[in-house]
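Trainee: This is the structure I want to talk about, given as structure tokens.
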């Protein structure tokens with residue numbers, strides 16, 4: 001039976017890989033004589049005509065290639081100032097539409113509709129805009145990867161009615177980069193998500209294995225010109241910080257006042273300069289507490305500072321991220337305290353480029369560590385490109401100079417491969433020189449039924465890359481993944497996808513003096529109501545400090561949107577593990593569990609609670625080595641799309657710490673914000689109970705002026 005299934009899957013894969021791509025017909029946007037009012041009500045004259053003839057939308061997540069279950073109409077209009085979109089999202093059960101009033105980029109579990117705009121039609125940068133039925137925005141910048149951290153200025157509104165919901169979007173021409181003229185064309189792709197069905201659709205269809213840029217449909221605008229882009233964001237901050245040792249008195253407060261400014265200037269219609277002077281690089285939201293006990297590799301925390309977040313994906317190398325040893329080639333949180341910064345990004349024909357320069361005063365204010373990064377990419381269409389990355393850090397006698405080349409190519413409709421090569425030259429503060437090479441080669445083959453991928457990577461002992469987030473060096477590693485997908489129907493239509501897979505990884509670790517082998521057979525299920533379940537078993541071995549240890553796990557992870565206002569999820573994990581003591585490691589057993597609950601009793605109030613427990617014991621004696629409890633509680637009341645109050649409580653038993661944060665935030669548009677917050681850190685030192693050891697008050701205000 002299994003042979004029959006595999007042969008059938010192979011026949012389907014071959015048929016799909018040889019099928020000619022569907023090229024959508026060109027669409028035409030309508031010129032608006034009077035701009036529509038962005039209120040979510042489609043009563044403007046410009047929307048009175050027939051919607052675009054898009055045809056059938058097709059699913060892409062978690063199903064592939066299933067026709068839409070909810071119809072969507074779309075209109076596009078434009079004038080000399082902006083592009084306008086209108087969506088009529090039909091729903092036979094409007095009372096079951098999920099929508100919330102929340103801060104920007106925080107409503108992915110809602111129903112939503114959106115559009116991707118490849119404004120230059122170069123297949124290199126696309127602007128994704130998503131809106132929920134209450135008009136709350138989410139956006140992302142698509143380059144080599146999808147970067148959801150970036151925010152730009154656009155307007156939206158939404159309304160739920162008897163037929164479903166409607167959404168309007170206004171995209172100012174200043175917010176996107178394109179080459180103007182008498183006959184402008186852009187690429188566009190439309191999305192829709194149903195929360196209760198747990199399915200996302202798109203038009204045109206996004207084929208398995210296809211990159212998002214391969215799916216954009218051409219839209220004609222006629223005459224359109226790029227306006228001047230000049231934005232200035234002055235900012236003012238005030239902070240008051242106090243600390244004390246446990247059991248001691250409060251030290252004199254440290255008061256700090258800062259004034260700064262950021263500038264964005266459109267050098268040409270496709271090139272943008274960003275600069276900042278004396279910016280406030282503090283984070284408005286604390287990193288969630290994570291388990292940091294007995295981790296072999298450091299915990300990754302994402303960038304949250306606006307200047308660095310925008311366009312960060314442009315610096316990514318092909319093959320990084322996912323399960324690769326190098327999470328990202330440019331991790332800007334390594335630039336801890338820059339006093340100034342500058343970025344230049346843009347496109348020129350088939351080329352994309354990005355540069356970043358910033359001195360970091362965190363090491364030595366008198367002699368900052370200088371970071372310089374440059375990236376260039378040549379696009380060949382259909383998601384294919386070749387690029388180069390140059391990075392340099394300089395600090396007195398210490399330096400790290402890197403040059404990397406990468407390529408991503410495609411064969412047919414379903415097969416893709418990519419690779420990179422990285423050369424490094426370094427010296428430490430004593431002037432001792434070192435060098436090392438690294439790189440990877442990976443491939444993927446994807447159809448609706450079959451998924452196969454693999455990667456080989458290598459890093460020398462002397463490899464060093466100051467800008468990167470990389471787990472380790474001195475290794476050669478490879479992994480292989482294969483999966484099948486089945487889509488039940490009929491009585492089992494509530495099961496959207498069944499996905500058994502096998503993942504195998506092997507490593508030669510020259511620094512630790514041995515090998516690793518992981519084998520994971522597993523199965524995933526996707527259900528309605530955004531439900532999912534994963535079950536897997538892992539067996540293998542790992543070498544650490546010249547010794548070989550058994551590793552493995554029994555793992556289950558699942559979750560579901562039980563009702564419109566309640567999401568529950570969690571996982572359990574148990575198996576043999578290593579205690580990573582460099583001097584005296586030993587074999588142990590690890591058990592962990594995590595529970596997550598998101599409760600929204602109404603559209604404005606959100607409670608988010610996560611609890612993690614980890615138990616580790618020595619195998620040979622059964623002695624408990626440690627128990628760790630991590631609690632993250634976040635409560636938010638969103639008075640409107642602009643104004644919120646948020647309270648965060650976080651607890652880490654391993655560090656004996658409790659963090660409390662309170663924030664009042666008003667964001668009119670990205671860049672025009674007012675934040676006021678108070679935070680305190682409580683620590684326990686035996687025999688004293690928890691006592692406050694740090695507290696801080698801060699205020700920040702900035703204003704976006706666009707000329």
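The values are calculated or read from the model by the stated rules, or taken from the named source; none is laboratory data. These figures come from a predicted structure and were not determined experimentally. Quick reminder, even Gly has a Cβ in these numbers, built from the backbone with ideal geometry, and neighbours come from all protein chains shown.
Trainee: Please indicate, with yes or no, whether at least one residue in segment 212-222 is assigned to a strand (DSSP E or B), in contact (Cβ under 8 Å) with a residue 12 or more places away in the chain, surrounded by fewer than 22 Cβ atoms within 10 Å (Cβ to Cβ) and under 21 Å from the mean Cα position of the chain (by Cα).
Mentor: no
Trainee: Pick from 695, 641, 706, 618: which is farther than 29 Å from residue 262 by Cα, touching a residue at least 24 places away in the same chain (Cβ under 8 Å) and either surrounded by fewer than 19 Cβ atoms within 10 Å (Cβ to Cβ) or over 28 Å from the mean Cα position of the chain (by Cα) (or both)? Lay out the reasoning, then the answer.
Mentor: Values: 695 fails: farther than 29 Å from residue 262 by Cα; 641 fails: farther than 29 Å from residue 262 by Cα; 706 fails: farther than 29 Å from residue 262 by Cα.
Exactly one residue qualifies, and that residue is 618.
Trainee: Go through the residues of segment 409-424 one by one and say whether even a single one is without any contact (Cβ under 8 Å) to a residue 24 or more places away in the chain, farther than 18 Å from residue 317 by Cα and either assigned by TED's automatic domain parsing to the domain that holds residue 452 or part of a strand (DSSP E or B) (or both).
Mentor: Yes, some residue in segment 409-424 is without any contact (Cβ under 8 Å) to a residue 24 or more places away in the chain, farther than 18 Å from residue 317 by Cα and either assigned by TED's automatic domain parsing to the domain that holds residue 452 or part of a strand (DSSP E or B) (or both).
Trainee: A further question follows. Counting only residues that are surrounded by fewer than 19 Cβ atoms within 10 Å (Cβ to Cβ), farther than 16 Å from residue 137 by Cβ and in contact (Cβ under 8 Å) with a residue 40 or more places away in the chain, how many does segment 660-669 have?
Mentor: Going through segment 660-669 one residue at a time, the tally reaches 0.
Trainee: Here is a further query. Taking into account only those residues within segment 399-417 that are at pLDDT 95 or above and within 28 Å of residue 214 (Cβ to Cβ), which is surrounded by the most Cβ atoms within 10 Å (Cβ to Cβ)? Before you say what the answer is, go through the steps one by one.
Mentor: Here is the first cut: in segment 399-417, the residues at pLDDT 95 or above are 399-407.
Those still in the list that are within 28 Å of residue 214 (Cβ to Cβ) too: 404-407.
Values: 404: 23, 405: 16, 406: 25, 407: 18.
Taking the candidates together, the pick is 406.
Trainee: Taking the conditions exactly as written (modelled with pLDDT of 80 or more, part of a strand (DSSP E or B) and either crowded, with 17+ Cβ neighbours inside 10 Å or over 24 Å from the mean Cα position of the chain (by Cα) (or both)), does residue 269 satisfy them or not? Give the steps one after another, and end with the answer.
Mentor: On the way: modelled with pLDDT of 80 or more: yes; part of a strand (DSSP E or B): no; either crowded, with 17+ Cβ neighbours inside 10 Å or over 24 Å from the mean Cα position of the chain (by Cα) (or both): yes.
Taking the combined requirement at face value, the residue does not satisfy it.
Trainee: Considering each residue of segment 377-402, count those that are assigned to a strand (DSSP E or B) and under 16 Å from residue 319 (Cα atoms), and give that number.
Mentor: As a first pass, look at segment 377-402 and keep what is assigned to a strand (DSSP E or B): 377-381, 384-395, 398-402.
Now narrow it down to the ones that are under 16 Å from residue 319 (Cα atoms): 377, 384-389.
Adding up the residues that qualify gives 7.
Trainee: Next question, about the same structure. Could you list, in sequence order, all residues of segment 456-486 that are in a strand (DSSP E or B) and under 22 Å from the mean Cα position of the chain (by Cα)? Don't jump to the end; show me each part of the working.
Mentor: We begin by selecting, within segment 456-486, every residue in a strand (DSSP E or B); these are 456-459, 469-470, 475-484, 486.
Result: 469, 470.
Trainee: Among residues belonging to segment 118-132 that are part of a strand (DSSP E or B) and surrounded by 24 or more Cβ atoms within 10 Å (Cβ to Cβ), point out the one that is modelled with the lowest pLDDT.
Mentor: 126
Trainee: Shifting gears a bit: Taking the options 671, 622, name whichever one is within 30 Å of residue 576 (Cα to Cα) and either at pLDDT below 95 or in contact with a helix residue (DSSP H, G or I) (Cβ under 8 Å, 6 or more places away or on another chain) (or both).
Mentor: Values: 671 fails: within 30 Å of residue 576 (Cα to Cα).
Within the list 671, 622, the selection yields 622.
Trainee: Being at pLDDT 90 or above and assigned to a loop (DSSP other than H, G, I, E, B) is true for just one of 263, 330. Which residue is that? Lay out the reasoning, then the answer.
Mentor: Working: 263 fails: assigned to a loop (DSSP other than H, G, I, E, B).
Of the residues listed, the single one that is at pLDDT 90 or above and assigned to a loop (DSSP other than H, G, I, E, B) is 330.
Trainee: Answer yes if at least one residue in segment 158-166 is under 26 Å from residue 351 (Cβ atoms), touching a residue at least 60 places away in the same chain (Cβ under 8 Å) and not assigned by TED's automatic domain parsing to the domain that holds residue 311, and no otherwise.
Mentor: Residues of segment 158-166 under 26 Å from residue 351 (Cβ atoms): none.
No.
Trainee: Continuing with the same structure: Residue under question is residue 431, and the condition is that it be part of a loop (DSSP other than H, G, I, E, B) and either within 23 Å of the chain's Cα centre (by Cα) or not assigned by TED's automatic domain parsing to the domain that holds residue 215 (or both); does it hold?
Mentor: Details: part of a loop (DSSP other than H, G, I, E, B): yes; either within 23 Å of the chain's Cα centre (by Cα) or not assigned by TED's automatic domain parsing to the domain that holds residue 215 (or both): yes.
It is true that residue 431 is part of a loop (DSSP other than H, G, I, E, B) and either within 23 Å of the chain's Cα centre (by Cα) or not assigned by TED's automatic domain parsing to the domain that holds residue 215 (or both).
Trainee: What's the total number of residues in segment 333-350 that are part of a loop (DSSP other than H, G, I, E, B) and under 23 Å from residue 380 (Cα atoms)? Working first, answer last.
Mentor: Start the filter on segment 333-350 by keeping residues that are part of a loop (DSSP other than H, G, I, E, B), which leaves 335-337, 339, 349-350.
This time we only want the ones that are under 23 Å from residue 380 (Cα atoms), so: 349-350.
Number of matching residues: 2.
Trainee: Working only within segment 437-455, note down all residues that are crowded, with 19+ Cβ neighbours inside 10 Å and either under 23 Å from the mean Cα position of the chain (by Cα) or assigned to a strand (DSSP E or B) (or both).
Mentor: From segment 437-455, those crowded, with 19+ Cβ neighbours inside 10 Å are 438-440, 442, 445-451, 453, 455; that's our starting set.
Across segment 437-455, the qualifying residues are 438, 439, 440, 442, 445, 446, 450, 451, 453, 455.
Trainee: Further question on the same structure: Taking residue 370 as the residue in question, decide whether it is outside any loop (DSSP other than H, G, I, E, B), over 24 Å from the mean Cα position of the chain (by Cα) and over 30 Å from residue 678 (Cα atoms). Give the steps one after another, and end with the answer.
Mentor: Values: outside any loop (DSSP other than H, G, I, E, B): yes; over 24 Å from the mean Cα position of the chain (by Cα): yes; over 30 Å from residue 678 (Cα atoms): yes.
When the stated conditions are applied, residue 370 passes them.
Trainee: Restricting segment 135-163 to residues that are in a loop (DSSP other than H, G, I, E, B) and more than 23 Å from the chain's Cα centre (by Cα), which is farthest from residue 602 (Cα to Cα)?
Mentor: If we take residues in segment 135-163 being in a loop (DSSP other than H, G, I, E, B) and more than 23 Å from the chain's Cα centre (by Cα), then 163 is farthest from residue 602 (Cα to Cα).
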